[in-house]
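The values are calculated or read from the model by the stated rules, or taken from the named source; none is laboratory data. All values derive from a computational prediction rather than experimental measurement. FYI the Cβ positions are ideal-geometry reconstructions off the backbone, even for glycines, and counts take in every protein chain you see. The protein model used for the area step is the full one, side chains on, heavy atoms only, and it has no ligands, DNA or RNA in it. Shrake-Rupley method; radii C 1.70, N 1.55, O 1.52, S 1.80 Å.
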Amino acid sequence: MNGNPLFTPPLRTRGRDIVDAHNKRLKLASINWYGGSDELFVPGGLDVRPRRAIAALIRRLGFNSVRLPYSDEMVAKNPPIPHELLAANPDLFGMRALDVFEAVVTALTDEGVAVIVNDHITNAAWCDGMNLCDSSWKNDQLGPLCRFRQTEDDWIAHWETIMARFVNNPHVVGADLRNEPRGLWGTMTWTAWATAAARCGERLLKMQPNWLMIIEGVSSANDLSGVRQQPVRYSVPDRTVYSAHVYSWSGWGSLDPYKGRKYTSFVRAMEQNWAFILAENIAPVWIGEFGAPDSPNKGDAHYWKNLMKYLEEVDADFGYWAINPRKPHLNERESYSILKDDWETLVDDYRMQDLQRLMK
């Protein structure tokens with residue numbers, strides 16, 4: 001492991017905090033590194049820079065953890081990765097998707113960075129909130145509508161397949177069980193999702209009882225209010241972490257998205273949706289996705305200012321979206337990225353300055 005350790009595993013929860021083996025709080029200061037969930041089946045940037053160099057940069061920038069997404073289709077098909085997508089990592093030539101994913105995880109954990117694996121989407125693709133086939137952890141009820149179909153049992157089996165590789169890697173600290181469960185236009189109930197998350201988490205904890213089980217809110221990870229009536233508890237104590245996503249457009253069913261709200265209204269929504277979990281010392285809440293473009297419009301800047309102020313006030317764990325300068329689909333520019341196309345040069349603007357303040 002390179003440099004001084006960032007924390008001592010294993011992790012557990014203590015009230016609203018995540019703590020390490022020395023009972024020292026580990027505030028998750030995370031970055032999302034996507035690509036494994038997309039149609040190319042590979043984390044981005046491996047054609048540009050060695051994975052170990054990217055991992056070292058992540059740590060150097062001050063992030064202590066990475067949220068690393070995969071798709072269920074990636075696990076089920078495990079296709080070989082073309083050499084051109086691995087050009088800067090020739091030792092990975094000939095490997096399949098799961099082997100490359102594991103190599104990226106190992107590069108991060110060798111650097112001392114914690115990894116949270118995330119089941120991001122069913123059908124490998126750039127995340128599409130309009131696709132009903134990806135709005136839940138299972139889609140078999142939709143029959144032939146879905147290109148890639150899976151049952152709840154398939155979803156859990158895919159989790160077991162990918163996490164079996166990391167049972168003995170103590171810096172793989174958790175499983176973010178499903179990205180943005182929502183159902184048809186936000187109709188997913190907390191009861192349905194909490195029940196499935198409990199079942200999946202129990203299966204994973206049988207493999208490695210030290211993992212954290214991370215449970216996102218419904219309505220695209222916007223709403224954790226159901227925790228009041230139905231918290232998710234596991235047979236292994238101190239495992240549950242909740243997660244919310246907060247973007248400028250967030251807020252299912254609202255005619256007043258966050259980009260236009262006054263601060264008092266924004267705070268009230270945060271308190272109702274997830275911050276009560278911190279205030280009442282129930283469990284940690286990780287804001288696993290949020291972000292803004294490098295050239296923000298008025299609404300983007302207003303949302304960002306409110307969110308940064310609030311995250312600092314409540315001292316919440318966080319995960320910025322994203323490090324990738326390009327989207328896999330059509331190689332489009334990612335305006336939310338904190339890196340330029342060389343996967344080395346920092347876009348040193350308001351976002352990174354604010355994130356570094358949150359890290360303190």
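Other residues whose C-beta falls under 14 angstrom from the C-beta of Gln272 contribute a net charge of -1, scoring Lys and Arg +1 and Asp and Glu -1.
Under 5 Å from the amide H of Ile18 lie the amide H atoms of Leu26, each residue being 5 or more positions distant or on a separate chain, with H modelled from the backbone and absent for Pro and chain starts.
If you roll a 1.4 angstrom probe over the protein chains with everything in place, what fraction of the accessible area of the stretch 163-211 belongs to carbon and sulfur, to the nearest %?
Numbers: 1100 of 1860 Å².
For the stretch 163-211, the apolar C and S fraction of the accessible surface comes to 59 percent.
A Gaussian network model of the chain, with springs between Cα atoms under 10 Å, assigns the largest mean-square fluctuation among Tyr70, Tyr263, Tyr303 to Tyr263. Count Lys and Arg as plus one, Asp and Glu as minus one, and take only other residues whose Cβ is under 15 Å from that of Asp17; the net charge is then +2.
From the cross-link list Lys24/Lys305; Lys27/Lys327; Lys24/Lys298; Lys138/Lys298; Lys259/Lys360; Lys77/Lys259, which pairs have alpha carbons spaced over 32 Å apart? Table pairs above 32 Å Cα-Cα are Lys24/Lys298; Lys138/Lys298; Lys77/Lys259. Here's how it looks for Ser65: its modeled amide H is under 5 Å from those of Ala29, Ile31, Ala114, which are all 5 or more places away or on a different chain.
Per-residue ellipticity at 222 nm computed for the chain from its helices equals -8500 deg cm²/dmol, with DSSP H segments shorter than 4 residues left out and the rest contributing -39,500 (n - 2.57). For the stretch 217-230, 3J(HN,Hα) computed residue by residue from phi via the Karplus equation (6.51, -1.76, 1.60; θ = phi - 60°) reads x, 7, 6, 6, 6, 8, 10, 10, 5, x, 4, 4, 8, 9 Hz, glycine and proline entered as x.
Near the amide H of Glu216, within less than 5 Å, lie the amide hydrogens of Leu177, Arg178, Ser243, all on another chain or at least 5 residues away, with H placed in the peptide plane. Under 11 Å from a label point set 7 Å out along the Cα-to-Cβ vector of Ala157, the amide N atoms of the stretch 63-83 belong to 76. Per residue, the accessible area of the stretch 214-360 comes to 43 Å², computed with a 1.4 Å probe over protein heavy atoms only.
For Lys77 and His329, the difference between the fully extended length at 0.36 nm per residue and the C-alpha to C-alpha distance is 88.8 nm. The phi torsions of the stretch 331-337, fed into the Karplus equation with coefficients 6.51, -1.76 and 1.60 and a -60° offset, translate into couplings of 6, 6, 5, 9, 5, 7, 5 Hz, rounded to whole numbers, with Gly and Pro shown as x.
Summing +1 for each Lys or Arg and -1 for each Asp or Glu, what net charge is found among the other residues whose Cβ lies under 13 Å from the Cβ of Val314?
Numbers: positive: Arg16, Lys27, Lys309; negative: Asp17, Glu271, Glu280, Glu312, Glu313, Asp315, Asp317.
Neighbour charge sum, excluding Val314 itself: -4.
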